[in-house]
Amino acid sequence: QVQLVESGGGLVRPGGSLRLSCAGTGRTFSLYNIGWFRQAPGKEREFVAAISSGGASRSYLDDVKGRFTISRDDTENSVYLQMNSLKPEDTAVYYCNAGFNWPVHPVYGYWGQGTQVTVSS
């Protein structure tokens, strides 16, 4: 089992940047594939980015490729999502997921409580 805590969300202007963090507690964090998902008001939760155990593999939603970068630092039990060139359509609650599926799957694994990202002028 693992417990996840997201942080780093907030209000940012279009074109701005934000870095989200997913901090894990409990069992060894490095065992898990980590995914970021987001849910905007009135919409289904969608996949954003993922990084594999060990960090060798990464995947991204097509709409965020070139703008978002996922990384991990297992010495700190953390995964980061660097978000650049933010757009209003990126506004959502962002959730961290830990599991053993690859590609990551929204139904399985453990979830954090989420962090709000709002992109608005």
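Looking at R38, is it closer than 18 Å to Y95 by Cβ, within 12 Å of the chain's Cα centre (by Cα), open to solvent by less than 30 Å² (accessible area, probe 1.4 Å) and basic (K, R)?
Answer is yes for this residue.
Any residue in the stretch 19-33 that's closer than 29 Å to V119 by Cβ: show its pairings with residues that are among the small types (G, A, S) and crowded, with 22+ Cβ neighbours inside 10 Å at Cβ separation under 6 Å, as long as the two are six or more apart or on different chains.
Going by the 6 Å Cβ cut-off, the qualifying pairs are Y32/A98.
Here's the yes/no breakdown for (1) open to solvent by 60 Å² or more (accessible area, probe 1.4 Å); (2) of a type outside the set (D, E, K, R); (3) at pLDDT 95 or above; (4) assigned to a strand (DSSP E or B):
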position	(1), (2), (3), (4)
G16	no, yes, yes, no
C22	no, yes, yes, yes
K43	yes, no, yes, no
S59	no, yes, yes, yes
G66	yes, yes, yes, no
P103	yes, yes, no, no
T118	no, yes, yes, yes
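From (1) surrounded by fewer than 17 Cβ atoms within 10 Å (Cβ to Cβ); (2) in a strand (DSSP E or B), pick out the condition that doesn't hold for C96.
The single condition C96 does not satisfy is (1).
Residues V5, V79, V48: which one is of a type in the set (A, V, I, L, M, F, W, C), open to solvent by 30 Å² or more (accessible area, probe 1.4 Å) and either in a strand (DSSP E or B) or without any contact (Cβ under 8 Å) to a residue 12 or more places away in the chain (or both)?
V5
Quick check on my filter: what residues within the stretch 24-35 are under 12 Å from S78 (Cα atoms), open to solvent by 30 Å² or more (accessible area, probe 1.4 Å) and not in a helix (DSSP H, G or I)?
Those that are under 12 Å from S78 (Cα atoms), open to solvent by 30 Å² or more (accessible area, probe 1.4 Å) and not in a helix (DSSP H, G or I): T25, T28.
Out of all the residues in the stretch 1-35, which are in contact with a helix residue (DSSP H, G or I) (Cβ under 7 Å, 6 or more places away or on another chain) and under 18 Å from P88 (Cα atoms)?
Across the stretch 1-35, the qualifying residue is only P14.
The values are calculated or read from the model by the stated rules, or taken from the named source; none is laboratory data. What you see is a predicted model, and the numbers here were worked out from it, not measured in a lab. Please note: Cβ atoms are built from the backbone with ideal geometry, for glycine as well, and neighbour counts cover all protein chains shown. For the accessible areas, the whole protein counts, side chains as well, though only heavy atoms, and no ligand, DNA or RNA atoms are used. Shrake-Rupley method; radii C 1.70, N 1.55, O 1.52, S 1.80 Å.
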